[in-house]
Each structure stands twice: as structure tokens, then as C-alpha cells.
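Engineer: Here it is, the structure, as C-alpha cells.
Every number in this text was worked out from the coordinates using simple rules, so none of it is lab data. Quick caveat, the model's predicted, so the values are computed rather than measured. FYI the Cβ positions are ideal-geometry reconstructions off the backbone, even for glycines, and counts take in every protein chain you see.
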Amino acid sequence: MSTSPPASTNPTIGGDPRTRSPIRALIDDFDEVVDELFHHLRGNPTADRLFYQASEWADYSKAWHAIGLTMAVVSPSRRKDALRLAVALGIESAVVNGVLKTLFTRQRPPLLDGAAYEVRRPKTTSFPSGHASSACLTAVLLSDAVPVLKPLWWSLATMVSASRIHNRMHHASDVAAGAVVGTLMGLAARRIRALR
């Protein structure tokens, strides 16, 4: 069972109310509320295992590349979709990890005490979430390539994104921003269809 304190007692998430701007205070309050919701799930064996696995297999976009490769092998007609996904993920990683994270040097949330599983802690800064960004970009492109499985793609993206909050790898606002970035990049990459 996790012994980490509720989010509201964590100064790293809430910050000093005397020095916060109104916008920062709103973001911090949002992060606290969401983190408190996940706090009640932490320590649940099923939730801990599910979110640990989601974070792990989405590390370095391994799962997304695996899905793209499988799609290319099983359905040769979708090889261009698989290639588009691989290229888009490479660009997304460069933009998020190479540009955005250097502009916003936000610290990650403190690690959980007594966590059931040890999740790899990235060396990059917290904002925005690269896991959420790559997951949502992938959901957009896979929904375009295999629309009948759209609910599955977005369910996977949601699970991976939520895992970053559950495992305290990101603040909720990092994940929300990453999801927006990934979705927008996915929509832009989807326009490459016209070049086929």
C-alpha cells in the first residue's frame, strides 16, 4: 500500500501560494485535485500493475513502433501508414524532448513512497509529458489507418497518459499539455495522406 501523502500536503505540487501567479495557482490547484483522485487508486494491486505496465511498454514509444511494424507486416497496403507513424513519432520526440522540455524546465513530482513497482524516471524535465504526446499522436494516426479500432487506440492512449500521473512521473497539467501537443501533431501528420 502506498504511503505517500495526499497531493495537497506536497509543496512540490502545490507550490508557495504567496509567490504563485493566478494562472500558476490555477494549474497547481488542478494538479492537486487530479493527483488526489489518483492517490485513492495507488496501492490497489490491479491499478498499480496496469499503470506500471502501461508506462513501461510505452517507454521510448516501443509499443507504438511495435504496432506500426505489425500493421506493415500483416497488411502490406498499410505500410505507408506504418512509415508515416514511425516518422511522426521521431519528429514528435525531437520537438517534445529536444525543444519544449528545454523551454519549460518544470520539476517532476516527488516519487511515491513504498511504490509497488519501480518505473524508470526520465532525466528530462516534466513539461509536457512525452508519453502522453506520443500516445495521442499514435491514436490519431492509427485511427486514420484503421478506423474500426479507433476506440482501442484512444483507450490505449488514455491508459498510458493516466499512468504518468498514477506513477508520479508527471503532473496532471503536463499530461494534458502533452495530449494536446500529440493530438495536434497527429492531425498535422495525417495531412500527409495527400502525398501518397
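Engineer: How far is helix 172-190 tilted, in degrees, relative to the longest principal axis of the Cα atoms in the chain, given as a value from 0 to 90 rounded to the nearest 10?
Structural biologist: The answer is roughly 10 degrees.
Engineer: Within 10 Å of each residue's Cβ, count the other Cβ atoms and sort 52, 117 from fewest upward.
Structural biologist: Lowest to highest Cβ neighbour count: 117, 52.
Engineer: How large is ³J(HN,Hα), in whole Hz, for each residue of segment 156-167 in order, when computed from phi with the Karplus curve 6.51 cos²θ - 1.76 cosθ + 1.60 and θ = phi - 60°, using x for Gly and Pro?
Structural biologist: 5, 4, 5, 5, 5, 4, 5, 5, 6, 7, 4, 7
Engineer: Oh, and also: Among 42-48, 183-189, what's the highest-first ranking by average C-beta atoms within 10 angstrom per residue?
Structural biologist: Result, highest mean Cβ count within 10 Å first: 183-189, 42-48.
Engineer: What is the angle, in °, between the Cα long axis of helix 22-39 and the longest principal axis of the Cα atoms in the chain? Nearest 10 is fine, range 0 to 90.
Structural biologist: So the inclination is approximately 80 degrees.
Engineer: For the Cα atoms of the chain, what angle does the longest principal axis make with the long axis of helix 130-145, in degrees from 0 to 90, nearest 10?
Structural biologist: Here the helix axis deviates by roughly 30 degrees.
Engineer: Lys pairs in the chain, Cα-Cα under 28 Å, at least 8 apart or on separate chains: how many?
Structural biologist: 6
Engineer: Alpha carbon centre of segment 94-124 versus segment 170-184: separation in Å?
Structural biologist: Segment 94-124 and segment 170-184 have Cα centres separated by 13 Å.
Engineer: So if I average 1/r over every pair of distinct C-alpha atoms in segment 45-195 and take the inverse, what Kirkwood radius in Å does that give?
Structural biologist: Taking the inverse mean of 1/r over all distinct Cα pairs, segment 45-195 comes out at 15.5 Å.
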